[in-house]
Amino acid sequence: MSTLKLEVVTPLGLIFSNDVKAVTLPGTEGEFGILPGHASFISMLKAGVMDIELENGKHDVVAVNWGYVKVDEEKVIVLADGAVAVHGSSESEIAASLESATKLIESMGDSDVAIALAKAKIESIARSR
C-alpha cells in the first residue's frame, strides 16, 4: 500500500505526524487532495478543515486557521499559524476538541457560509469515527 508522510506543525510544535493514504487541504483557491506520488509544489492555506485518510481507512480531522503546505512525492508538511486536531478517547474529549476547532475556524472565517461549511465538515467526519 502506498502512503505519504504528513506532518502538521504550528508555532507551538508538531501536532500531527503519521503515514497517510490521502489528505484534503483547504487551499486559497479551494480544497485540493494529495495522494502518494503527487507532484511537488507549495501553496497557501486558508481557514478550514484538513481531512486525513489514515492507512486503516479511518479519517482524522485537523482544523487550521491559515498557513502553507509543501508537497513532495512522499511527504506533505503543513506549517499553520494555528491548528487543532479533532480527536479523543471519550465523547467529552472529542466534544472539547470539536469546540476548540470551531473557535479556531470562527476566529479566521471571512464569511458565515465558509464557517458553517467548515463546522459541518468537522462534525460529519468526527461523527463517522
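The values are calculated or read from the model by the stated rules, or taken from the named source; none is laboratory data. Computed from a predicted structure; not experimentally measured. In this analysis, Cβ positions are derived from the backbone assuming ideal geometry, glycine residues included, and neighbour counts consider all displayed protein chains.
Quick check on the range 18-34: of everything there that is of a type in the set (D, E, K, R) and modelled with pLDDT of 95 or more, which residue is farthest from S2 (Cα to Cα)?
So in the range 18-34, the residues of a type in the set (D, E, K, R) come out as 19, 21, 29, 31.
Adding the requirement that they be modelled with pLDDT of 95 or more leaves 19, 21.
Details: D19: 10, K21: 7 Å.
It comes out as D19.
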- Message: Looking at T24, T3, can you tell me which residue is among the polar types (S, T, N, Q) and more than 19 Å from K121 (Cα to Cα)?
- Response: T3
- Note on the structure: Counted residues in the range 1-28 being β-branched (V, I, T), crowded, with 17+ Cβ neighbours inside 10 Å and over 18 Å from A47 (Cα atoms) come to 1
- Task: With a cut-off of at least 2 residues that are without any contact (Cβ under 8 Å) to a residue 60 or more places away in the chain and among the polar types (S, T, N, Q), name the strands (runs of 3 or more DSSP E) lying wholly within the range 1-84.
- Result: 13-27
- Task: Take the residues in the range 31-57 that are more than 14 Å from the chain's Cα centre (by Cα) and of a type outside the set (A, V, I, L, M, F, W, C), then tell me which one is nearest to F16 (Cα to Cα).
- Result: E55
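V69: more than 17 Å from K121 (Cβ to Cβ) and surrounded by 14 or more Cβ atoms within 10 Å (Cβ to Cβ), yes or no?
Numbers: more than 17 Å from K121 (Cβ to Cβ): yes; surrounded by 14 or more Cβ atoms within 10 Å (Cβ to Cβ): yes.
Criteria met by V69.
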- Condition test on S100, is it modelled with pLDDT under 95, touching a Pro at 6+ places or on another chain (Cβ under 6 Å) and either exposed (fewer than 12 other Cβ atoms within 10 Å of the Cβ) or of a type outside the set (K, R) (or both)? no
- Message: Testing E55 on (1) under 20 Å from V9 (Cβ atoms); (2) at pLDDT below 95; (3) not polar (S, T, N, Q), one condition comes back false. Which one is that?
- Response: (1)
